[in-house]
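The values are calculated or read from the model by the stated rules, or taken from the named source; none is laboratory data. What you see is a predicted model; the values in this text were computed from it and never measured. Cβ sites come from the backbone with ideal geometry, for glycine too, and all protein chains shown count toward neighbours. With ligands, DNA and RNA removed, areas are computed over all heavy atoms of the protein, side chains included. Shrake-Rupley method; radii C 1.70, N 1.55, O 1.52, S 1.80 Å.
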Amino acid sequence: MSDASAGVADCILETRALTKEFKGFVAVDKVNLRVRRGSIHALIGPNGAGKTTCFNLLTKFLTPTSGTIVFDGHDITAQSSAAIARMGVVRSFQISAVFAHLSVLENVRIALQRKLGTSFHFWKPESSLHVLDAHAIELLAAVDLAAYAHVPAVELSYGRKRALEIATTLAMDPKLMLLDEPTQGMGLEDVDRIRQLIKKVAASRTVLMVEHNMSVVASIADTITVLARGATLAEGPYAEVAKNPAVIEAYMGSAQTELVGAH
């Protein structure tokens, strides 16, 4: 295999000149992103840098104005969000999305049903879903929630709700997990739990994450892409990116201190 073809095989997600304009405002400006298979890739940048818009383009909640998105060797630019989810691109949302009054186990079971395509078989008795329980418990064990299987989701701490959300994302059997601000609003203990959890689930899949917490990014991301004003400012390992003068200038003030001192 040539170096070029090996590079393509190693890349699970690639964007080429990805651009999104809103009535003349360029939110994402010719972004070229390459996410290596089996890596944790972080998308960072100051507020308004275009990170969430970029995520919305990748998961097809928004349609690009121009540019190309390639996933696992297939051009998915014109595909629907449902179609790319079936291909293995699964997103966990910034705001925790769980069914509060169902048990932790039931939440994961619903996600497994979606994967099986039986979500709308309302006429089936609930007992028919118990065949999914063993797999659901495995997923809960993976995120350290097996002991909470029969607890209503509403009773979980914020950090454990986010862990449950990651379990429901895993239930969709993703090749690429997109995590949107996974530690937002958490205390130190919960942040550390989610940090370790992301590292654990990334052992057998690829993770692309938007994250503000620089200590999390510094400790687990293999590659970091910095966006500013919708364009790529820098890309590389954390130690290299954190010393980039353009990145330091973009962050400024206290954010600059946090960026340089996080590792």
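Only protein heavy atoms count here; under a 1.4 Å probe, S66 has an accessible surface of about 60 Å².
Starting from the residue with the highest accessible area, list L132, L208 in decreasing order, probe 1.4 Å. Don't skip to the end; give the middle numbers.
Details: L132 20, L208 0 Å².
From most accessible down to least: L132, L208.
In terms of accessible area, using a 1.4 Å probe and ignoring ligands and nucleic acids, M186, M214 rank largest first as M186, M214. For the stretch 133-218, trypsin sites (Lys or Arg not before Pro) are listed when DSSP marks them as loop and at most 16 other Cβ atoms sit within 10 Å of their Cβ; the list is K175. For A231 and A246, the difference between the fully extended length at 0.36 nm per residue and the C-alpha to C-alpha distance is 4.2 nm.
Simple spin-label estimate for K23 and D192 gives 4.8 nm between the two label positions (7 Å along the Cα-to-Cβ direction from each Cα).
Taking every protein chain into account, the 1.4 Å probe leaves M87 with about 60 Å² of accessible area, to the nearest ten.
Grab the beta carbon distance between A239 and E138, set R0 = 35 Å, and tell me the FRET efficiency rounded to 0.05. The computed FRET efficiency comes out at 0.45.
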